[in-house]
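Step one of this worksheet: look at the structure below.
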Amino acid sequence: MTSSYPKSLRGLLFLAAGLLLFILPILSQSKHITILHTNDMHASFLPQEAYWVRTTPKPLVGGFNELAFAVDSIRKVKSATLLLDAGDLMTGNPITDRVFMGAEGGGLVEMMNLIGYEGWTPGNHDFDISYDNFRKLANVSRFPVFSANLIDEKSGKPVTGKEYLLIEKNGLKIGIFGLMSTEFYNLVSQSSTLGVKLLPPEETAKRMVELLRPKVDLLIALTHQGVWGDSVLAVKVKGIDVIVGGHSHTRLPKPKYVNGVVIVQTGSNAQSLGVLDLTVENKSVTRYDGGLLQLWYQPDRKTVVTALVDSFKTEIDREYSEVIGTLLSPWDMDGWETGVGNFMADVQREGAYADVAFMNNHGIRKKLAPGPITKQNLFEVLPFRNVLATFDLTGKQIRDIVLYDIKKKPLIQVSGIQCEWKRDASGNIEIVKLLVNGKLVDDNATYTGAASDYFMGESKRYLGIDTPRMTYLNLTVFDVAEKKIRALKNVDAKIEGRIKEIH
């Protein structure tokens with residue numbers, strides 16, 4: 001059987017077929033990218049003791065100097081890298097109070113500039129000082145800052161100015177969008193979230209996939225919602241290849257693989273660098289391998305950030321190394337009532353000249369062993385800039401708050417309140433005695449309460465009541481705690497059974 005095509009046309013067809021056989025493997029050739037990632041660094045620009053190591057003295061780990069060295073070393077051997085951070089750069093060290101390039105904490109962003117970050121989505125703690133200060137931090141960055149579901153209420157635009165990033169590496173078109181946790185409003189004081197609108201993460205992610213997937217070979221969600229939230233996102237939203245996460249401080253030694261999505265997270269406090277190697281072919285991840293690189297401290301190592309790190313360390317040491325008192329008993333954070341919680345509630349009540357005061361357990365961020373208390377120690381225990389506020393409560397409201405605390409256990413500490421309670425034969429709670437400042441509570445009287453602005457913004461969760469009208473004082477919780485420690489010199493906070501069950 002002979003072909004009906006002319007010889008010249010047959011020749012062209014054979015030539016075209018040969019070219020396709022040559023070109024198709026090139027078009028479908030696999031490409032490689034290495035994603036370097038961090039999250040929840042919490043201003044840990046200096047190395048810290050590796051608390052999990054049993055030797056004495058413990059080795060040091062982490063810090064931005066070691067981070068810079070690791071990133072630079074990997075870039076020298078990897079042909080294509082992408083360096084991302086998943087939020088919570090701020091809160092944890094006094095550097096966040098230092099103004100640099102117009103922003104408090106701006107020195108941290110400048111260090112990220114020098115290290116060569118290529119993308120950052122904010123975490124909730126990046127708003128701790130204020131929304132305005134976050135925008136100033138974003139202005140310090142010389143790399144893209146983006147979030148798809150945090151919107152400025154006035155302009156209707158993303159708080160960062162960008163929802164996503166499009167970038168090309170090693171012939172790969174990459175799309176990256178940022179997401180914030182649904183818990184954003186519960187995690188940041190109301191004053192710092194004013195003017196910020198949070199869009200639902202899953203709906204936002206679906207919109208980003210629809211917009212970006214046709215344009216890219218690799219789609220990354222850079223999230224601050226925790227590993228659980230990332231896993232749910234992977235199940236419910238199709239089209240994402242990789243989720244680089246933060247918020248839950250989860251140390252994933254190896255990536256999770258959920259519903260075809262690679263999920264990574266590095267822990268916290270700049271102690272590790274995440275390294276994820278990807279092979280991409282025909283808009284799909286065909287191979288992945290990842291892990292964590294522990295950033296062990298090496299003295300005398302010089303990097304692009306060394307001079308800036310050293311200058312901030314010198315400045316902070318000069319002010320915060322001062323010993324302000326001595327702790328006689330340990331400040332532990334475990335338990336329904338704690339000594340440190342009692343102390344922090346007491347200083348707020350005294351500092352505000354209030355009748356009662358409240359402190360949330362999660363506002364106390366570090367244990368402290370007996371010994372000298374430096375200003376740096378206190379800052380690490382109370383790293384948030386929480387403003388002290390006063391408000392009115394009736395005796396009946398105080399009674400309701402105590403009942404709510406007994407039933408719901410919202411992990412709060414109280415000051416000025418003493419309660420004895422028991423269960424009757426049916427298991428119902430009965431308040432036997434309730435005192436405010438040593439006197440029986442009068443349900444019809446009005447008392448002055450004190451707590452932080454953040455705490456009272458969450459009063460429904462912590463106290464079971466709606467947020468009352470508040471008066472903000474020109475004091476922070478840190479201020480009144482420091483003043484009290486200096487006055488006492490020796491601090492011996494104890495557990496007293498302020499809300500006690502009797503039988």
Next item on the list: Report, by chain and number, residues whose modeled amide H sits under 5 Å from the one on A80, excluding near sequence neighbours (fewer than 5 apart, same chain).
Entry: T34
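Rounded to the nearest 500, what is the 222 nm mean residue ellipticity of the chain from helices alone, with -39500 (n - 2.57) per DSSP H run of 4+ residues and division by all residues?
Estimated from H runs of four or more residues: -9000 deg cm²/dmol.
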Margin query: I'd like the distance separating the alpha-carbon centroids of segment 457-496 and segment 33-67, in whole Å.
Written below: 31 Å
Check: Quick one: helix 477-488 against the long Cα principal axis of the chain, what's the angle to the nearest 10°, folded into 0 to 90?
Finding: 50 degrees
Check: Which longest run of the chain has no exposed loop site in it, a site being chymotrypsin sites (Phe, Trp or Tyr not before Pro) in a DSSP loop with at most 15 other beta carbons within 10 Å, and the site itself not part of the run?
Finding: 53-335
Note to self: Taking 8 Å as the Cα distance limit and 6 or more residues as the minimum spacing, I'd like the relative contact order of the chain as a percentage.
What the structure shows: 15 percent
Item checked: In order through segment 119-129: 3J(HN,Hα) via Karplus (6.51 cos²θ - 1.76 cosθ + 1.60), integer Hz, x for Gly, Pro -> x, 8, 10, x, x, 4, 6, 6, 9, 4, 6
Item checked: Percent antiparallel among DSSP beta bridges (both partners in segment 28-315, rounded to 5) -> 65 percent
Check: Counting alpha carbon pairs within less than 8 Å and at least 6 residues apart, what relative contact order, in whole percent, applies to segment 28-315?
Finding: 24 percent
Note to self: Just to confirm a number: summing +1 for Lys and Arg and -1 for Asp and Glu over residues other than L328 whose beta-carbon lies under 13 angstrom from that of L328, what do you get?
What the structure shows: +1
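Each reported figure results from applying straightforward, stated rules to the coordinates on display, with no laboratory input. Note that the structure is a prediction, hence the values are computed from the model and not measured. So basically every Cβ, Gly included, is an ideal-geometry build from the backbone, and we count neighbours across all protein chains shown.
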